[in-house]
Amino acid sequence: MPGPADCAPRPAPGPAHALIPAPLKTWATSSGGEGPVLDEHTRIEARPGTERVARWLRATVGAATGLPLEPHTPDGDGGRVLLRLDPGLERTLGPEGHRVVVDDRGAVVEGGSETGVFWGAQTFRQLLGPDAFRRAPVDPARRRWRLPALGVEDAPRFGWRGLMLDVARHFMPKDGVLAYIDLLAAHKLNVLHLHLTDDQGWRLEIRRYPRLTEVGGWRPRTKLGHRASPLWDPRPHGGHYTQDDIREIVAYAAERHITVVPEIDIPGHSGAAIAAYPELGNSDVVDTSSLGVLTTWRTNPNVLSPTDSTLRFYENVLEEVLELFPGTFVHLGGDECPKDQWKASPAAQARIRDLGLADEDELQSWFIRHFGLWLRERGRRLIGWDEILEGGGAADGAGRGRGLAPGAAVASWRGYAGGIAAARAGHDVVMCPEQQVYFDHRQAAGDDEPVPIGYVRTLEDVYRFDPVPPQLDEAEADRVLGAQANVWTEVMEDRRRVDYQTFPRLAAFAEVAWSTLPPPPERDFTEFQGRMEAHYARLDALGVSYRPPAGPHPWQRRPGILGRPLDGSPPIV
């Protein structure tokens, strides 16, 4: 069986194969171009450590083709798909590295770990064609599926390839989240960041504090469009995930080698929590008992009080969060925290004096550092938006002082600057700058875009995004864990709207985060567009309501709902 060492690397397959993300290497395994046939006799041989991948193949490819894909037996007379681990691939390409070789003897999918085998299975599915992405056969009489004679070797550029889904502003029911996990897996993305709490809603059941969802999970009405819009949806909006829902989501993601990162926003963006438990707010300067869940999109002046009781409350919340989410990182927001109430609050000012802090910025830094240390003691790591760098000063190796806790990471959303500063200060970074990868921003400048928000960022703009800024030296660049696209849902009331804003741009982002591409000016967007022609058919098969290349369908437009169409204006967050 020829491998990449025996064949000169070729460009990524043309539109007939149209692999997305683009792989490191491909090669032909026969001169005729045609490989084996999958039929009712084809078996899956799952070597030790690959059994879950075999189960996934039967549940997806098996369902789409109508083929049983039964376990291989030594006396079987059909073709086979072999799944196996290859320690050599782990040494050369890392644990997510994989190789798929299809020739006249069958198909072999091997990886440096089970994760690598799973990503190889995603490549294998793409090679079968768009109908392999359906949930049932479109032609039940079709019993033979021809594979191309092709070899593929691949590994990701970054270890963090994420999508942030804001389920706080508009709740997405569990089935929608599970569907997005499948979409992430199909694009070889491996982090789902769930924005679970905000001023407009609290979406996670906390058993110790039931009012967080009973009260904080609902708002009486919702602003339609930008906050300057005169229009309202008068229906109450809300919902939350039970702890069993979360366990299901996390387990479903883990089967697909995706980590779910929860976000519990503090000390700003906490209006829903304060509405549920008024003692969390600055009650010495505002009547917190009169505050409700926010119904519009603006920066909320009502923030958490920096008291011991508030710290204990959120420690109790996080105890339950850690039980539900086993991943390393917990996102604690830290962004857009107005300081006006702290400036007016005698309790907050006393706290500043007692701690020897200079001002309210250092008070927020202290607040975030407290939880960074708390998480570190439990073997976890804090990640927050780049404002967590503000008011930090210096810290020693144990985290004492006014800097971030050791191990804390920064999600750089206000451009590259926060990520550059964090990397130079020795912190890991996830690059998600609003100017490039905020998918709530409009995709074209035309009047047809539904509720146009922020910058125009086209499919090509996303494709030319580079997560590593040139200002970083090699050691600093190694601090960039990867990249993440963010989907804020203020103007996305349901999954169809989320689909429209997210796709097809997520396909371009996936290639940026996975593939080793030339610098942005040298990237071949035309070649990528050619592969996208086949990928649109995959998205159709998956039922994704993406934005067509020629512009929105009539039913995707939202005439009469005011957005914020001026280029250069900041997004609503």
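The values are calculated or read from the model by the stated rules, or taken from the named source; none is laboratory data. The structure presented is a predicted model; accordingly, all values stated were derived computationally and were not measured. Cβ placement follows ideal geometry from the backbone for every residue including glycine, while neighbour counts extend to all protein chains displayed.
The figures follow:
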read-out: Residues being without any contact (Cβ under 8 Å) to a residue 12 or more places away in the chain and charged (D, E, K, R) - total across segment 324-381; value: 3
read-out: Of the criteria (1) crowded, with 24+ Cβ neighbours inside 10 Å; (2) modelled with pLDDT under 95, which one residue 384 fails; value: (2)
read-out: Filter result for the condition that a residue is among the β-branched types (Val, Ile, Thr) and at pLDDT below 95, over 299, 295, 307; value: 299
read-out: Of the criteria (1) part of a helix (DSSP H, G or I); (2) within 15 Å of the chain's Cα centre (by Cα); (3) of a type outside the set (A, V, I, L, M, F, W, C), which one residue 486 fails; value: (1)
read-out: Subset of segment 269-290 [touching a residue at least 12 places away in the same chain (Cβ under 8 Å), out of contact with any Gly (no Cβ under 7 Å at 6 or more places or on another chain) and either assigned to a loop (DSSP other than H, G, I, E, B) or of a type in the set (A, V, I, L, M) (or both)]; value: 270, 277, 280, 282, 283, 284, 285, 286
read-out: Count of segment 179-205 residues which are out of contact with any Asp or Glu (no Cβ under 7 Å at 6 or more places or on another chain) and not in a loop (DSSP other than H, G, I, E, B); value: 13
read-out: Qualifying residue in segment 442-459 (condition: in contact with a helix residue (DSSP H, G or I) (Cβ under 9 Å, 6 or more places away or on another chain) and closer than 27 Å to residue 330 by Cα); value: no
read-out: Residues satisfying the stated conditions in segment 214-246, i.e. in a loop (DSSP other than H, G, I, E, B), in contact (Cβ under 8 Å) with a residue 40 or more places away in the chain and hydroxyl-bearing (Ser, Thr, Tyr); value: 229
read-out: Selection from segment 177-201 of residues that are of a type in the set (D, E, K, R) and under 14 Å from residue 544 (Cβ atoms); value: 182
read-out: Criterion violated by residue 110 - all others in (1) crowded, with 19+ Cβ neighbours inside 10 Å; (2) within 25 Å of the chain's Cα centre (by Cα); (3) farther than 18 Å from residue 258 by Cβ satisfied; value: (2)
read-out: Residue in segment 470-488 that is farther than 23 Å from residue 261 by Cα, touching a Phe, Trp or Tyr at 6+ places or on another chain (Cβ under 6 Å) and assigned by TED's automatic domain parsing to the domain that holds residue 425 present; value: no
read-out: Condition met for residue 170 (part of a strand (DSSP E or B), within 23 Å of the chain's Cα centre (by Cα) and surrounded by 17 or more Cβ atoms within 10 Å (Cβ to Cβ)); value: no
read-out: Output for segment 531-555, where each listed residue is surrounded by 15 or more Cβ atoms within 10 Å (Cβ to Cβ) and farther than 21 Å from residue 181 by Cα; value: 531, 534, 552
